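K.L.:
One structure follows; several queries about it will come next.
The values are calculated or read from the model by the stated rules, or taken from the named source; none is laboratory data. Model, not experiment: these values are computed from the prediction. As a convention, Cβ positions derive from the backbone with ideal geometry for all residues, glycine included, and neighbour counts pool all protein chains shown. What goes into the accessible areas is simple: the full protein's heavy atoms, side chains included, and nothing from ligands, DNA or RNA. Shrake-Rupley method; radii C 1.70, N 1.55, O 1.52, S 1.80 Å.
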2 protein chains.
Amino acid sequence: MSFDLTEGIAVLERTPATFRALLAGLPDGWTAANEGPDTFSPFDNVGHLIHGERTDWIPRARIILAQGTNRRFTPYDRFAQVRESQGKAMDDLLNEFARLRAENIATLRGWNLTDRQFALEGEHPELGRVTLGQLLATWVAHDLGHVAQTARVMAKRYRDAVGPWRAYLPVLNR
Amino acid sequence: MSFDLTEGIAVLERTPATFRALLAGLPDGWTAANEGPDTFSPFDNVGHLIHGERTDWIPRARIILAQGTNRRFTPYDRFAQVRESQGKAMDDLLNEFARLRAENIATLRGWNLTDRQFALEGEHPELGRVTLGQLLATWVAHDLGHVAQTARVMAKRYRDAVGPWRAYLPVLNR
């Protein structure tokens, strides 16, 4: 299965509404829960996705599409949201994410990318040569990974409360 | 963390909208994908949740609350949705799940449960004695587990398409 622009966008454009449905108006006990030091709460997950909209996917795609002499990406800060989300409410983050994502999808659509362009390469600071198609597929999989992570972190709040059912709920043991 | 009725309902009432945001109108390639034989696609996940609304959570809670002489639950059929979802569209399932869940939350709220009642017991056919509080906490965690599973199954469609980024996406390797 290789990256498909129409199918990829179908997921990308749904992610803000998925997070809104899951998290908007939810008690803080759910949105602030995490899996221990240096792990993401649901609130952190949304902040992390916002940072990606600003600094990762579209900026990296631009570097690849420009095909300049320096195609090396700026390293990504996985903990930028700790600083950037400070003092914000979940609703602020959900709105900001939805707005940035809509802008970025409009940019992506406007490029009218061809299969030839999906094969263009950039340089990841750690992974080395990567293609535009791989970058865009990663954008999609990364979204879905954070949906899964957010649901898992929330589920684990009830790891003890479920009693013996824990044996039937693999999400609690990851 | 023990089960809290208000916080638990806050999750339960959001789950249908979360699945709708994630899956409604999505190309079949996403909703029919699975992780191999006898694993659930996103479509199967919604069907499975519907079956739970009909046969699991509220019926089992009724058995516990009645405190009759036989408190043994009917075994749950994890693959009932293969039969029950046949010929239905994703939108049918999303609507059916939303309707059943709303009815079941209304039932749950109408019981005005007390802490004393959360300690009442029923008998799980395999796990033995379980409490009403554990059953309701499991309902919540089970929802979230299926959100996580659905997102993971979708993400794995791009396991190869992401190229070297796979190393950074644990959701692709579960």
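K.L.:
Report, by residue number, each residue of the range B:31-40 that is surrounded by fewer than 23 Cβ atoms within 10 Å (Cβ to Cβ) and touching a Leu at 6+ places or on another chain (Cβ under 8 Å). Talk me through it step by step, then tell me what you get.
P.N.:
The first filter runs over the range B:31-40 and keeps only residues surrounded by fewer than 23 Cβ atoms within 10 Å (Cβ to Cβ), leaving B:32-40.
Those that are surrounded by fewer than 23 Cβ atoms within 10 Å (Cβ to Cβ) and touching a Leu at 6+ places or on another chain (Cβ under 8 Å): none in the range B:31-40.
K.L.:
Out of the range A:1-59, which residues are within 17 Å of residue A:89 (Cα to Cα), away from every other protein chain (no Cβ under 12 Å) and among the hydroxyl-bearing types (Ser, Thr, Tyr)?
P.N.:
A:41
K.L.:
Look at the range B:81-91 and say how many of its residues are surrounded by 13 or more Cβ atoms within 10 Å (Cβ to Cβ) and in a helix (DSSP H, G or I). Break it down into steps so the answer makes sense when it comes.
P.N.:
Quick first cut of the range B:81-91, residues surrounded by 13 or more Cβ atoms within 10 Å (Cβ to Cβ) only: B:81-82, B:84-85, B:88, B:90.
Pick out the ones that are also in a helix (DSSP H, G or I) and you get B:81-82, B:84, B:90.
Looking only at that region, the number is 4.
K.L.:
Also: Which of the numbered conditions does residue B:119 fail, given that it passes all the others? Conditions: (1) surrounded by 15 or more Cβ atoms within 10 Å (Cβ to Cβ); (2) farther than 25 Å from residue B:28 by Cα; (3) among the hydrophobic types (A, V, I, L, M, F, W, C); (4) out of contact with any Phe, Trp or Tyr (no Cβ under 8 Å at 6 or more places or on another chain).
P.N.:
Of everything listed in (1) surrounded by 15 or more Cβ atoms within 10 Å (Cβ to Cβ); (2) farther than 25 Å from residue B:28 by Cα; (3) among the hydrophobic types (A, V, I, L, M, F, W, C); (4) out of contact with any Phe, Trp or Tyr (no Cβ under 8 Å at 6 or more places or on another chain), residue B:119 misses just condition (1).
K.L.:
To continue, here is another question. Is there a residue in the range A:62-76 that is under 17 Å from the mean Cα position of the chain (by Cα) and open to solvent by less than 20 Å² (accessible area, probe 1.4 Å)?
P.N.:
The answer is no; no qualifying residue exists.
K.L.:
Count, please, the residues in the range B:117-174 that happen to be of a type in the set (Val, Ile, Thr), more than 7 Å from every other protein chain (Cβ to nearest Cβ) and under 17 Å from residue A:1 (Cα atoms).
P.N.:
Looking only at that region, the number is 1.
K.L.:
Are any of the residues in the range B:104-116 modelled with pLDDT of 95 or more, within 14 Å of chain A (Cβ to nearest Cβ) and touching a helix residue (DSSP H, G or I) at 6+ places or on another chain (Cβ under 6 Å)?
P.N.:
No, the conditions are met nowhere in the range B:104-116.
K.L.:
State whether one or more residues within the range B:30-40 are more than 12 Å from the chain's Cα centre (by Cα), touching a residue at least 40 places away in the same chain (Cβ under 8 Å) and assigned to a helix (DSSP H, G or I).
P.N.:
Within the range B:30-40, one or more residues are more than 12 Å from the chain's Cα centre (by Cα), touching a residue at least 40 places away in the same chain (Cβ under 8 Å) and assigned to a helix (DSSP H, G or I).
K.L.:
Going by the conditions given, is residue A:95 on the phi > 0 side of the Ramachandran plot and open to solvent by 30 Å² or more (accessible area, probe 1.4 Å)?
P.N.:
Values: on the phi > 0 side of the Ramachandran plot: no; open to solvent by 30 Å² or more (accessible area, probe 1.4 Å): yes.
Taking the combined requirement at face value, the residue does not satisfy it.
K.L.:
Now, a different point. Quick one: which residue in A:19, A:43, A:3 is open to solvent by 40 Å² or more (accessible area, probe 1.4 Å) and either of a type outside the set (Lys, Arg) or in contact (Cβ under 8 Å) with a residue 40 or more places away in the chain (or both)?
P.N.:
A:43
K.L.:
Report yes if some residue within the range B:160-169 is in contact with a Lys or Arg (Cβ under 9 Å, 6 or more places away or on another chain) and buried (at least 22 other Cβ atoms within 10 Å of the Cβ); otherwise report no.
P.N.:
No: zero hits.
K.L.:
Could you grab the pairs with beta carbons closer than 7 Å, sequence gap of 6+ or different chains, first residue in the range A:75-91 and over 17 Å from residue A:29 (Cα atoms), second one assigned to a loop (DSSP other than H, G, I, E, B)?
P.N.:
Taking only residues 6 or more apart or on different chains, the pairs are A:75/A:125; A:76/A:56.
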